[in-house]
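K.L.:
Let me give you the structure first, and then I'll get to my questions.
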Ligand code: 13P
């Protein structure tokens with residue numbers, strides 16, 4: 001199966017009240033672990049690739065790995081640019097074979113964000129590629145993107161609704177209190193904002209910063225209209241802890257496969273637990 005646009009599964013996710021996971025791909029082992037978990041649970045999924053990860057892996061390897069996973073598993077998989085910062089980056093990804101892009105214009109003024117997002121939607125739609133927009137600023141650190149919690153601003157429902165109507169994005173990330181990275185305490189998620197926005201527009205809301213969000217909050221978010229949830233840090237932590245444990249156990253290891261195999265296994269378990277939590281198993 002070729003890579004698909006998120007429209008292959010997001011409308012169904014919203015209608016049937018489940019969420020599709022965006023699991024970030026940071027290297028080959030992440031890609032393999034995510035696919036293995038999804039294959040076992042027959043779930044659609046999204047490979048999220050940040051600009052930093054793109055730089056690390058190279059665009060050709062990134063696309064080739066995702067295409068190999070789609071071909072091998074037969075699952076509906078979207079390859080999605082995460083927090084794309086410009087029209088040019090989005091187009092570069094689409095030309096290289098990405099089936100979906102996020103344009104994050106949240107650091108611009110509201111009107112400018114609308115104008116820039118519209119341009120990306122127009123070009124992407126012509127290529128059958130789905131687009132995610134962002135409104136409000138999501139706190140925390142992801143790659144080179146760092147937003148102080150104090151500067152993170154929640155999305156305003158009226159603006160989010162107008163943003164959808166004017167841009168025609170396929171899903172919309174709105175800042176509702178989650179943050180990238182692990183939480184020191186518990187996040188304070190504004191379910192009322194999710195509900196207000198999701199009930200007024202036909203597309204699903206996207207929840208960024210999915211790592212460490214308690215299960216009951218995930219259920220409440222999905223019930224309120226979230227149809228896509230992003231997870232990265234939990235996989236990074238599981239991967240690194242497994243490697244650390246393997247190296248601590250045997251200081252003489254030098255074959256990377258000896259520590260990357262347990263790392264990959266640990267990530268399979270994380271992704272499986274998220275797929276079950278999000279309710280996307282048997283939806284492929
Ligand atoms: P976490 O790293 O907190 O899971 O967030 C991932 C994310 O939102 C990617 O855009």
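K.L.:
Tell me, rounded to the nearest percent, the portion of alpha carbon pairs in region 1-123 spaced more than 17 Å apart.
P.N.:
Here the long-distance tail beyond 17 Å is 55 percent of all Cα pairs in region 1-123.
K.L.:
Something else now. Could you please rank 207, 276, placing first whichever residue has the fewest other Cβ atoms within 10 Å of its Cβ?
P.N.:
Placing the least packed residue first, the sequence is 276, 207.
K.L.:
For a footprinting-style exposure proxy, rank 237, 4 by other Cβ within 10 Å, fewest first.
P.N.:
Placing the least packed residue first, the sequence is 237, 4.
K.L.:
Sticking with this one: Once Rh for region 1-53 is found with the Kirkwood sum over Cα pairs, what is the Stokes-Einstein diffusion coefficient at 20 °C and 1.002 mPa s, in µm²/s?
P.N.:
Estimated via Stokes-Einstein, D reaches 178 µm²/s.
K.L.:
Right, something else. How large is the Kirkwood hydrodynamic radius of region 139-211, in angstrom, based on all distinct alpha carbon pairs? Intermediate values should be presented prior to the final figure.
P.N.:
Details: mean 1/r = 0.0773 Å⁻¹.
Final number for the Kirkwood radius of region 139-211 is 12.9 Å.
K.L.:
Okay, next question. According to the square roots a ≥ b ≥ c of the eigenvalues of the Cα gyration tensor, what is the shape class of region 57-134, taking rounded for a/c under 1.5, prolate for a/b larger than b/c otherwise, and oblate for the remainder?
P.N.:
Values: a/c = 2.45, a/b = 2.12, b/c = 1.16.
Prolate is the answer for region 57-134, as a/c is 1.5 or above and a/b outweighs b/c.
K.L.:
Right, next: With springs only between Cα atoms under 10 Å, which of 250, 82, 192 fluctuates most in a Gaussian network model of the chain?
P.N.:
The residue that fluctuates most here is 250.
K.L.:
Can you give me the angle between helix 157-167 and the longest principal axis of the chain, using Cα atoms only, in degrees from 0 to 90, rounded to the nearest 10?
P.N.:
Once rounded, the angle reads 90 degrees.
K.L.:
Now, a different point. For the chain, modelled as a Gaussian network with Cα springs under 10 Å, which listed residue fluctuates most, 117, 261, 62?
P.N.:
261
K.L.:
Using only Cα atoms, find the angle between the long axis of helix 28-41 and the longest principal axis of the chain, and express it within 0 to 90 degrees, rounded to the nearest 10.
P.N.:
So the inclination is approximately 80 degrees.
K.L.:
Could you line up 54, 277 from fewest to most neighbouring Cβ atoms inside 10 Å?
P.N.:
277, 54
K.L.:
Taking a temperature of 37 °C and a viscosity of 0.692 mPa s, what whole-number D in µm²/s does Stokes-Einstein yield for the chain with Rh from Kirkwood over alpha carbon pairs?
P.N.:
Translational diffusion coefficient: 176 µm²/s.
K.L.:
Would you mind telling me the antiparallel percentage of the DSSP bridges in the chain, rounded to 5?
P.N.:
10 percent
K.L.:
So, one more: From the Cα trace of region 76-197, what convex hull volume per residue do you get, rounded to a whole Å³? Could the numbers behind the result be given before it?
P.N.:
Details: hull volume 14.6 nm³, N = 122.
Per-residue hull volume (Cα only) is 120 Å³.
K.L.:
With just the Cα atoms defining each centre, how far is region 216-240 from region 104-178? Give it in Å.
P.N.:
After rounding, the separation between the Cα centres reads 19 Å.
K.L.:
Follow-up. Mind jotting down a quarter of the surface of the convex hull over the alpha carbons of region 172-284, in square nanometres, one decimal?
P.N.:
For region 172-284, the mean projected area of the Cα convex hull comes to 8.4 nm².
K.L.:
Which angle from 0 to 90°, rounded to the nearest 10, does the C-alpha axis of helix 233-249 make with the longest principal axis of the chain?
P.N.:
In the chain, helix 233-249 runs at an angle near 10 degrees to the longest axis.
K.L.:
I've got another one for you. Among 69, 123, 31, which one moves the most in a GNM of the chain with springs linking Cα atoms closer than 10 Å?
P.N.:
Of 69, 123, 31, the Gaussian network model singles out 123 as fluctuating most.
Only the coordinates and a few stated rules stand behind these numbers; no lab work does. What you see is a predicted model; the values in this text were computed from it and never measured. Here the Cβ is made from the backbone with ideal geometry for all residues, glycine too, and neighbour counts use every protein chain on show.
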